[in-house]
Every structure is written in C-alpha cells, then in structure tokens.
Number of protein chains: 4
Amino acid sequence: MIIVVKKGASREEVQEIVAKIEASGLKAHVSKGEERTIIGAIGDERKLNVTQLEALNGVEKVMPIVKPYKVASREFHPEDTIIAVEGVKIGGKELAIWGGPCSVESEEQVFAIAEAVKKAGVKLFRGSVYKPRTSPYDFQGMGDKGLKILKKVKDELGLVIETEVMDIRKVEIAAKYVDILRVGARNMQNFDLLKEVGKINKPVILKNGLSSTIKEFLMSAEYIMSEGNHKVILCERGIRTFETETRFTLDISAVPVLKSLTHLPIIVDPSHAAGRRDIIGALSKAAVAAGADGLLIEVHNAPEKAMCDGKQSVTTNDFPAMLEGIGKVAEAVGRTMPK
Amino acid sequence: MIIVVKKGASREEVQEIVAKIEASGLKAHVSKGEERTIIGAIGDERKLNVTQLEALNGVEKVMPIVKPYKVASREFHPEDTIIAVEGVKIGGKELAIWGGPCSVESEEQVFAIAEAVKKAGVKLFRGSVYKPRTSPYDFQGMGDKGLKILKKVKDELGLVIETEVMDIRKVEIAAKYVDILRVGARNMQNFDLLKEVGKINKPVILKNGLSSTIKEFLMSAEYIMSEGNHKVILCERGIRTFETETRFTLDISAVPVLKSLTHLPIIVDPSHAAGRRDIIGALSKAAVAAGADGLLIEVHNAPEKAMCDGKQSVTTNDFPAMLEGIGKVAEAVGRTMPK
Amino acid sequence: MIIVVKKGASREEVQEIVAKIEASGLKAHVSKGEERTIIGAIGDERKLNVTQLEALNGVEKVMPIVKPYKVASREFHPEDTIIAVEGVKIGGKELAIWGGPCSVESEEQVFAIAEAVKKAGVKLFRGSVYKPRTSPYDFQGMGDKGLKILKKVKDELGLVIETEVMDIRKVEIAAKYVDILRVGARNMQNFDLLKEVGKINKPVILKNGLSSTIKEFLMSAEYIMSEGNHKVILCERGIRTFETETRFTLDISAVPVLKSLTHLPIIVDPSHAAGRRDIIGALSKAAVAAGADGLLIEVHNAPEKAMCDGKQSVTTNDFPAMLEGIGKVAEAVGRTMPK
Amino acid sequence: MIIVVKKGASREEVQEIVAKIEASGLKAHVSKGEERTIIGAIGDERKLNVTQLEALNGVEKVMPIVKPYKVASREFHPEDTIIAVEGVKIGGKELAIWGGPCSVESEEQVFAIAEAVKKAGVKLFRGSVYKPRTSPYDFQGMGDKGLKILKKVKDELGLVIETEVMDIRKVEIAAKYVDILRVGARNMQNFDLLKEVGKINKPVILKNGLSSTIKEFLMSAEYIMSEGNHKVILCERGIRTFETETRFTLDISAVPVLKSLTHLPIIVDPSHAAGRRDIIGALSKAAVAAGADGLLIEVHNAPEKAMCDGKQSVTTNDFPAMLEGIGKVAEAVGRTMPK
C-alpha cells in the first residue's frame, strides 16, 4: 500500500502514519519526493486498516496495490472453475443456456414454456417465484407455491431449475426445491443474504448491481465464497447509464475483464440488459463472441399476458431460430451449444 | 396513460391495445396523428397492466401520466408530516440533528461521543451495530451486543437513539432497543426488509440508493407506508457519479424536489455524501439553506481509531463550532436549532 | 405531442396552452382524466415550440411523440445507406476495417504501420494529426505536416485515409489531404464544427459523446446532414460509466438499436472503449456479432514508444491473428472481411 | 509516480520500466513486496510519459502522485484570486451575481430585462447570442447582431456584459463587444477554443462539462491559463446523473472541493442545473451557503415567450424577492450582496 502524505504535513504526522503501519506488522518505507512524501507499506497489505490510515491528519491519499478479493481471484486459482449441477457443466466448452419466464405464474404457463425450451435443446430452466418489484402494488410473485411447480418441471421434464431468492428466510426452502439459486442485482450488496447463500451447497448465480463496479461485484462473490460455497456463477445483467433506448446497458467488456480477473464462470442476461426483445438475439451473439460461458434468457409463450417483463421476453416461437444464430457464433469462437 | 402505436401497426394490433385497456375498466381514445396513432387510456391508470401493454406488438411506447406513488405523495397529503419521537419533532421548524459514530465500537467510545454531542445541544444519537461492508474481511459491527450499549446511552443520557437494520431477522430486536430504525442505501430496494419495517410502529429513516432516482426512492417509501407505518423520514445521502474527489455526490436538488413531491420529512447525510470531513460543514449549511429538515452527521472522538468511516467523521472537538455555523444559516432561512 | 396539465391549473391556464398550440397551426384536443387533464397537439409536432410550452404556468410536463431527427431516421430512408469512398464500400456486406496509429508521429512510423495493416488485408487507414489532449502539456499532434505524410501513404500504398478534425479552421485543409474526416467524442456537440463538416463532400465519421444518449447522437448526425452532407458514419466508441477496469464502457446495445433507428452505417471503436489491448479482440468479435458494419482499431508497431494511447494499441505483430478471429465471427453472421 | 509491476513480470520487463523512468531524468526505486513489485519514480513526475509507461508489457498500473494541473492549483498560488472587471470584483467578499436571459432575442426584450435586473441591484448581465442547441432546427441565436444590443446595454445602463462563445472564429468579435466571455459545458474540452480564449485579456467563465470530473475541469482551466490568460472564473452548472426530475444535478460539493484545490473564483449556475424555476431560489441559497463566490441566474420578463430555457428562467417580477432570500444566507456566511 502507498500512502501519499499531505503537503506540509509535520514530522509528527508522518511519524503517526509510520507507527500505524508498523502496528499492523508491516514495514514502512518513507520516500521524500520533490512535491510529496510517500510512504510504502511493505508486507501483507490486507492486514492494514485503510479506514484508520485515511483518517489520519497527515494523509492525503491511500492507494492499495493488491486486489481486495482473494478466493475469487484468478491469481489464487488460475484454472477456470467448472461447476457441475445435475449433470450439466457450467464454465466448460459447452455453453450453459437458461430459458424460461420472468416469473412463475401458473402450472400451465410454466409447463408450456418448459416444454418449448427443452425441445429447443436447453437443459437449464429459469423462473422467479419471489419478485423484486419497484412498486408495492405490482405482482409480487407466486411465492412458495411456485417452488412446487418448478420442482414438478424438474421431475417431469428433467430440466435443471434455478430461481431467485430475495428474503433471507426463504433460502432454505428454495434450496430444498431448486438446483441453482440466484441473487438479483438489487441484492448484490445485501450482505446478510450473500452470507446465507454462502452456507448452502448449491450453485449461486450472482448478478451485478445496477451501478456496481467489477471490483465490488467480485467482493460480493468473495462474500459468498468466504462462507464456504465456491460454486458462484457471475452474471452480467446490464448497468444503469444515461441511455433510455434500452432498459439498462449491457457491459460487454465485463466478460473478458472478468475472465482475466477471476476463475469463476461468467454468464450474460441479455433480457434484463436490453429490456426489449428485438435486440436480444444481437446481444446474445455478442456475449458469446466476447467469451461468455452462458446466457440467461427470458422466454415466454404469451408475452402479452406475462405478469412481468413481457416486453423483453423472447417468444417460444422465435426461440429456436435465435439459438441457431447463437450456435453459429459459438462455433466461430470454439464453443458448443447444448443439445 | 398514453400509448404510442408503432408506425405501420395493423388495425388488429390497434384493436388489441384498445381491448387490453378496456379489459381493465378504462376507456380508450384513439387519435390518428400525421406520423403516429396514439391511444389515451381514460380512467384510473393504476389499474392498467403496463407490462402487458408494453409487450403487445403494436406498442411503441407507454407513457404514464400519473405518479406511481400515492400515500407518500403531497397530492394525497398536502401538509408537511411532522414525526414526533420521544418528545423530539422531526419535520417542524426546529431542525433535527443527529450526531454519533459510524459504528458502535465499545461502551467507552459510545459514551464519550454521546456526552459530547449532547453537550453540543443535539438530541438525536446515531450509531450502527450491524455494518454493511463491501469486504467480508472488514469489521462487521458489534451486533446485538451493541444494541444494549445504545439503550444504555438512551437511559443514562436521555438521547433518542437510531440504528441501521440490514437483516430482516434483526428488525424485531432492534425495534425493541432503539427509537428509530434506519434502512441504508444498499437496502433501498430490499423490498422484503421494507415490508418488515413497514409493520413496526417506530420511525424509519430511509436512505436513497446509490444510483436510484427520486421516483424509485418514493416508491420505496411507499412500500413501507403501504404496510401501515407512515413514519418515514427520507434521507438524501449522496449518489454515485463520475467524481472521485468526493466519495459520493450530494444531490442537493433532491431536497426542494422532494419537498414538492412528498409530505414526508427530508434530512441530509453530508458525511456519507462527502466521504471527507473538511467539506461537511459546507454541505450541512447548503442542506439547511436548501430546505432540509435535518442532518445526520458522523461524529467521533478519535477518528483515527474508528473501525470505519474515520475519514468522514467530524471530531467531537470541531462539532460545536460547526453547529454554530449551521445555526446562522438556519436562522437565515427561518429555522431553529435544537437546544 | 402530449401536454400534461398541472393539477389544479385554472381554466385560463389551460386556455393559454390551447392557444399556444393553435398559434403554431396544430389542433388541440383537451381530455379531462380522473387525476389530470391532458392536451394532445394534433398536426406536425415539429412546428411546436416545446420551450415556450414548458414555460407556461399550467404545464406539468411536455411529452413528444415523434423523434426529433428526420433525415437520419430509418423512417425517412428505410434502406441501409452504403457509403462508397475510393472504391471501398462502407455499410455493405463486407466489413469496413480501419487500422492505424492513434497519432501520426513520423513518416517512418506511419509507413511501418501502414504497410503492416495493408498486408493484413485492411484498406482503410486511420491516424490523427490534431490531438485532443486533456492536458495542455501533452503532445498535441504533428498538425498540418502530418496531413502530408498521410497523403503520401495514400499515394504510395493505395490506402484510404481518415483523420480527425477538431478546429473548424482545419476542415478545409484536412478535407484536401484525406478521404474521410472524423469528429471525435469531445466534439459531438461542437455544433459549429458539425455544420462545417456538413458542407464538405467527403464521408464523416461521427463518434458518440462520452455521456451522450443515442438520441443526441442522432441529432448530431442530423446537424451534419442538414447542411447537405449525407455521408455520415456513426461510430460507437464507449461511454463513461462507473467502471474503472476499462477506460470507457463499450455500449454494444447501441449497435442493434442504431440499426433500427437509422439507415446510416455503424462502426465500433473497441480501442478507445477498452483503453487496454488485451480485450480488443473480444470486443471486436462482439461488435461484429452484434451487427456492426466495421471496426476502427488502433494498431502500432511499437506501442511503448507511441506518443499516445500505446496501452490500447494492438501490435502490428498481433493484428493479423486478431483479424482472423474476427473473420470467423463475421462469417457466422453473414458478413465478409476485406481482402 | 508509482508503477505497479504485473505479477510474474520478467526481470527484463522490470528493467525496461526502470530504463524508461531514468531516460526522463528521474530515479527509479524498485521495491519487492509480497504480492507485487512496485517502482517509485523519484523526481519531477510531470516529465514522465505516462502513456509510454502504461504501454509496457510489465506494467499493471501507473499511479500518479502529483496533480496534473499547476497554474490553476492552490499549491501554486495559495491566496484567492480576485478578478476585477469594469469596477466589479469577482471572488471577493461581495457576491458576483449575474442576471439576464438565456438568449438575446431583441433590443426591447434585452432592455426590459436589463433594467429590471439593474433595479434589483445586479451589476453583471448575461445573455447569449450564439446558442448551442441539440437540434439543428431550433433557434440558433441572433449572432453578431446580438453583440451590438449587448454593447448598447452596457453603454446605456452601465452593466458589465458577458456572453458565450462557441465558434473559435467569433472569439475576436465577441471580445470586442463584451466584458466577459463564457465557454459552455459542451465546449469544456474544445481545446482549440480554450487556447483561443487563453490569448485574450478578458475574464473567461468556464463551465464544467456535462459528465466531466473536477480534475478534467481544472485541466481545462489550465489550458486557458497556459496561454497567458489567468482570469478564469469556474462555473459549476450541474452534471448529468440518472435523475430526471431535474435537467442536470447541481454538484454542490464541487464548490468547497474546488475552493480547496484552486485559487480561482467559483460561481454556480442554478438555472441550467435545475432546468426548472421553482427550485432556483433553494439552489442559489445552497450555493452561497456552500461558499460560492457568485451566481449566474437566468431571468426573463416573459418566460413563456422566450426562445429557449423559459422553463428555467426566473421572472423579473420574482427576482428581487429571490435575491433578498439569498442575501440573508449570504450574511449568515459572511458575504455581502451587490448593491
């Protein structure tokens, strides 16, 4: 860690900084430059209390050198992590493709969609039963009843099931019924929830926050992993920008950047990023071309009757052709499609 | 609600939109313009399912006319809401000033600070026992033990106490020990938590999310209020921008804008907005000048030993003079200071 | 255009709005809803003075229906525009690939790079002679002398040349020496410059502003086109977001969204978006997969000696393999590479 | 400057970095930490070519220690700069208040407003004759003819005049007719324009860019000053954020932060920041409370007939009472109003 000393700081103030560094077991190397004195803290910088250093009067700026996440980092674990769940591998050569409705609305609806996505070759099924809605007056999801419908889909169609958890008290029951849990964008920094899903032994899809940075995203993965659950799948789902033509802005660069920083699988949710179905095919192809390990796509049999997100749902009719287009790009970059 | 029809939409597609509007009990008024057909939905637009309308093929854009929040709006309740808690009034002529440390660290620390802020005339004490930290390796707060220390401060010094709740399972115990609960920025859209604090009968400070809009902020207040708890205090605590000289950017305009849209009290947290103590006085004066009903200020007796946020904590030494400066501005805008 | 009337507006205030609409030759249709009165302005809404309407006391909000750009819009000109320049077609099936250094530094440097990119099959050469630098103390470009070097590259190697213009007084001389002019991100709303390049008869690459919206981007294209020059090539070069791992954030969604809104060719500059060479290949493939008509790539023979942007320049050594990878994706989406 | 070396970099790569530093006349201090090697460059870091350092293969990150602006910095010039123009002092105890219309529309309009603002005690008059408009179809300003009207206002009423320049070719004529030039937000990084206004001997108001940082803002001031013109007045006019209730978001923290970093006067434009007249009084008071040296306010006699920005113009009727309110806050913070 580098500490830049304020111009005109007294000898005592410099000494205070040195003492604080040494108190944590690191060595301090003071270097007087032409315009600023800087102090290098040599040793394991994670032991330093940045907060307390920053609060010292003589400190202008504290600049960390080392990344704050560890278990999630590629330095710690150089090879790609492949997560196997019910026979499906996520993070390998074969792309992991999820299809399914925004929310579970009824058994008929869920089965109609599940059968269609299965026919299209998809092995992973998505569907929310607890819904984070901006308005308290909007449909809040089917709740626990929906979990049973999802379980039935698994039992009868053999699809691997994922669903979102929001309320920490629902982690246990959700983990009982489904194969993969999802932590949504609005909960990326719901730290108690992260700790809770860190205690279960099922894969967790973690979505980036609406305006979070990649570093914060990886710190949230670290939260889950630090509790023991290393099966974290990172999902880029768009960030908030000034653009209004799309609901959010897909941060496509996050895919290769994350690939360089972490060993965890990276998937992309083009549906929430776009918020409109006409560009989901284009974004899916871009995601695969950029190196994503999978796609989380909203599919609906009757979007105009969907309780939410109908505008951004691909129809079950259009889905197979879309997958075909994605398949060609997958092949161009050395990946395969599920079948 | 206004629905703009896509150029070239068929008669059937227009008819589908009309039918969807009428099915919700509203009237549809179709108007063919030179370049676009638009449809006005006349009646209570909150009954319309925007999601399903947007998902129709013929729809280009859906434009709501009415604000989505109701109980929180000034239209619904024109007079300012004044919240009384343990003899202190929040939202009236007298400014509500909170002082206290970022986090509860020990009984000595808390009492040292509490005595200092009380001496400075402050009646409201802040202090967190559960801490939302970006890193799992950082200090996570004293937890339940801290609540007892806070209660002791109340009992011995007569200060009104507030603290943050993050974990939904802690709402009950926190509400037992303290007078005011706080929902932090990262939980502004933790809807299950909002519902839970909506069920208790104590004032709740709701902070805006890091990149939320005013409309979303008010929708979150509406979540709490829709459960029955109308004692919501809105707190502007800065938003994320591209600026790096400050930790966040205080959105000062939010104060007068919120005043026009809602009847709830509005306070400002200059400490988290700034992230640096040297400008907290300036921001506090600006907040009061802009019409804020109060200030939530981090005060510490030894910032360089604080477990968090030391950099942005005003020292107990500097606090009285800072309040004096704020007091002059308060007087200039017709407000009074607590004493 | 829809005008939402303020709650409680007087009859006179409503009448004032109606009068203002009718004074512009449109018809006003007043509709009283349960919570708001709204007024539809029927006719050519571009004739309305939004500014004056918004300034009326009775007006809460003005909502335009029609897009503010016309000549640039796909509604006005449904087929894709293909721009031919010196035998190269931009916007057709064959991708338009530019290679070249950030800035022209010397004849040797330029020729070394130009020969390498030509050998890799590229027909379009980029290189700046006037440099927009954040600091007045940084290298400001070779100026007019550089134009002659670029011309020599064209004459001797047959490459089509483009360069940036910043100073309105340099448009004439630049247009004399090079084939394509570029307006950079920081000048996207330098309206006098836009008008000036709108008067010449050469293609203009227009880059989006650092935090502009797609609508503003198209309005800037409209500025150029409204002066008579319809040869505008839109270039997505990244937008500013909170992310710091990349210099800017490539807005990949802008590609399919622009394709739906405008007939103009869309290219992508992955170099400026990324600011780091290791992900330029991934972003290039994503851009092509998303439907971009071309790529503007910074290539340098010795990035560590470049006067600017060395960090984001692909080396002449790595360039051919990168193009090969892009070529495979191009084929997967039905496009061809130049050769 | 601190250079962080990539993990696993070879000895040759480290040597290359050292050599590059030494070639610029600085000393390199290599320090091997547990996880990273870091290199300190000791000497005048402004001599280092950051670009070339960043482009080296062994470099992970380059961290500058020293601020990139010099003449504009308070370190270089510790006392506040006071700019005198036609007998008015900007940056002193007395606040500098500008009043006037967004744009010059006619002699009658300008005189009606100028007389009103003069009567309210204001000495500085604002008004644009060249208008930066998002659409080519909107009113583009009166042009040179407007300059003569402004000059007449000065001659007859004794007001000090300012106006915006956008086109570099208009700097000369504008400087001939008016007392203060303004560079607008969209031109903050129009570097050729900055250089040009740096060559004249009249005060220049420089507005921050829509999404610029404070550092970039000061670098643009440095551009002007590096050409010789030190009479730069910084104007905070709002930044783009996700909020839609206001046109931009006033960055109130910029006022005290700029005060700490630079000696130049800081003024605030609440009109453009807000985009709506009802909160301009609140923002003006906040600006003065936060330490601003002045205010640039749009005032109009008939906003509903204004050619632009009517919605955000204070009426000449309301202006005197607004100034009175501001005056009380000014007094509370030790400032005086013009009279």
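The values are calculated or read from the model by the stated rules, or taken from the named source; none is laboratory data. What you see is a predicted model, and the numbers here were worked out from it, not measured in a lab. Cβ placement follows ideal geometry from the backbone for every residue including glycine, while neighbour counts extend to all protein chains displayed.
Say whether the condition of being among the charged types (D, E, K, R) and in contact with a Ser or Thr (Cβ under 7 Å, 6 or more places away or on another chain) is met by at least one residue in region A:56-71. For region A:56-71, residues among the charged types (D, E, K, R) and in contact with a Ser or Thr (Cβ under 7 Å, 6 or more places away or on another chain): present. Any residue at all in region C:34-47 that is in contact (Cβ under 8 Å) with a residue 40 or more places away in the chain and assigned by TED's automatic domain parsing to the domain that holds C:Glu12? Yes: region C:34-47 contains one or more residues that are in contact (Cβ under 8 Å) with a residue 40 or more places away in the chain and assigned by TED's automatic domain parsing to the domain that holds C:Glu12.
Of the candidates D:Thr241, D:Thr249, the single residue that is touching a helix residue (DSSP H, G or I) at 6+ places or on another chain (Cβ under 8 Å) and of a type outside the set (Gly, Ala, Ser) is D:Thr249. Number of residues in region D:311-325 that are over 12 Å from D:Ile297 (Cα atoms) and under 24 Å from the mean Cα position of the chain (by Cα) equals 1. Against the numbered list (1) in contact (Cβ under 8 Å) with a residue 60 or more places away in the chain; (2) touching a Leu at 6+ places or on another chain (Cβ under 8 Å); (3) among the acidic types (Asp, Glu), B:Glu236 comes up short only at (1). Checked against the criterion of being surrounded by fewer than 20 Cβ atoms within 10 Å (Cβ to Cβ), β-branched (Val, Ile, Thr) and within 14 Å of chain C (Cβ to nearest Cβ), region D:19-40 has no qualifying residue.
In region B:285-296 there is no residue matching the filter, namely being within 26 Å of B:Gly146 (Cβ to Cβ), touching a strand residue (DSSP E or B) at 6+ places or on another chain (Cβ under 7 Å) and in a helix (DSSP H, G or I).
Within 14 Å of chain B (Cβ to nearest Cβ) and over 20 Å from A:Asp269 (Cα atoms): does that describe A:Pro136?
Yes.
In region D:1-14, the residue that is nearest to A:Leu26 (Cα to Cα) out of those that are surrounded by fewer than 14 Cβ atoms within 10 Å (Cβ to Cβ) and of a type outside the set (Gly, Ala, Ser) is D:Lys7. Out of C:Glu108, C:Glu86, one residue alone is without any contact (Cβ under 8 Å) to a residue 40 or more places away in the chain and closer than 27 Å to C:Lys176 by Cα. It is C:Glu108. Checked against (1) within 10 Å of chain C (Cβ to nearest Cβ); (2) part of a helix (DSSP H, G or I); (3) among the charged types (D, E, K, R), B:Glu16 passes all but condition (1). Restricting D:Glu331, D:Glu324 to residues that are farther than 25 Å from B:Pro270 by Cβ, among the charged types (D, E, K, R), assigned to a helix (DSSP H, G or I) and at pLDDT 95 or above narrows the list to D:Glu324.
The residues listed here are D:Met219, D:Met142; of these, the one that is closer than 22 Å to C:Ser212 by Cβ and surrounded by 21 or more Cβ atoms within 10 Å (Cβ to Cβ) is D:Met219.
Please specify each residue of region D:181-214 satisfying the condition of being hydrophobic (A, V, I, L, M, F, W, C) and under 14 Å from D:Ile224 (Cα atoms).
The answer is D:Leu181, D:Val183, D:Met188, D:Phe191, D:Leu193, D:Leu194, D:Val197, D:Ile200, D:Val204, D:Ile205, D:Leu206.
Test A:Lys311 against the criterion of being outside any helix (DSSP H, G or I) and either free of Cβ contacts under 8 Å to residues at least 60 places away in the same chain or not assigned by TED's automatic domain parsing to the domain that holds A:Ala274 (or both), and give yes or no. No; evaluated as a whole, the condition is false for this residue. Residues in region A:256-272 that are aliphatic (A, V, I, L, M) and more than 7 Å from chain C (Cβ to nearest Cβ): A:Leu258, A:Leu261, A:Leu264, A:Ile266, A:Ile267, A:Val268. Inspect all residues belonging to region A:240-248 and state whether any of them is crowded, with 24+ Cβ neighbours inside 10 Å and either away from chain B (no Cβ under 14 Å) or touching a residue at least 24 places away in the same chain (Cβ under 8 Å) (or both). No, that holds for no residue. For the residues A:Glu172, A:Glu196, A:Glu227, A:Glu164, the requirement of being acidic (Asp, Glu) and more than 26 Å from A:Lys148 (Cβ to Cβ) singles out A:Glu227. Entry remark, region C:72-104: residues being of a type in the set (A, V, I, L, M), outside any strand (DSSP E or B) and surrounded by fewer than 19 Cβ atoms within 10 Å (Cβ to Cβ) number 1 in total.
Of all residues in region D:116-131, those satisfying the criterion of being over 14 Å from D:Val153 (Cβ atoms) and in contact with a Gly (Cβ under 6 Å, 6 or more places away or on another chain) are D:Tyr130, D:Lys131.
Of the residues making up region B:180-211, those that are in contact with an Asp or Glu (Cβ under 6 Å, 6 or more places away or on another chain) and surrounded by fewer than 20 Cβ atoms within 10 Å (Cβ to Cβ) number 2. Inside region B:202-223, can you point out the residues that are touching a Lys or Arg at 6+ places or on another chain (Cβ under 8 Å), β-branched (Val, Ile, Thr) and part of a helix (DSSP H, G or I)? The answer is none; no residue qualifies. The residue that is nearest to the other protein chains (Cβ to nearest Cβ), counting only those in region A:273-301 that are buried (at least 24 other Cβ atoms within 10 Å of the Cβ) and acidic (Asp, Glu), is A:Glu298. Apart from one condition, D:Glu227 fits all of (1) closer than 22 Å to D:Arg74 by Cβ; (2) of a type outside the set (Gly, Ala, Ser); (3) surrounded by 20 or more Cβ atoms within 10 Å (Cβ to Cβ); (4) at the interface with another protein chain (Cβ under 9 Å from one of its Cβ atoms); the exception is (3). The criterion of at least 2 residues that are of a type in the set (Asp, Glu) and touching a residue at least 24 places away in the same chain (Cβ under 8 Å) is met, among strands (runs of 3 or more DSSP E) falling completely within region A:116-201, by A:160-164. For region A:326-335, a tally of residues being touching a residue at least 12 places away in the same chain (Cβ under 8 Å) and facing another protein chain (nearest Cβ under 8 Å) returns 3.
Every condition in (1) buried (at least 18 other Cβ atoms within 10 Å of the Cβ); (2) away from chain D (no Cβ under 13 Å); (3) of a type in the set (A, V, I, L, M, F, W, C) holds for C:Phe111 except the one numbered (1). The set of residues from region B:41-51 being facing chain C (nearest Cβ under 9 Å) and surrounded by fewer than 20 Cβ atoms within 10 Å (Cβ to Cβ) comprises B:Ile42, B:Gly43, B:Asp44.
The set of residues in region B:249-264 that are more than 26 Å from B:Asp309 (Cα to Cα) and either of a type outside the set (D, E, K, R) or free of Cβ contacts under 8 Å to residues at least 24 places away in the same chain (or both) comprises B:Pro256, B:Val257, B:Leu258, B:Ser260, B:Leu261, B:Thr262, B:His263, B:Leu264.
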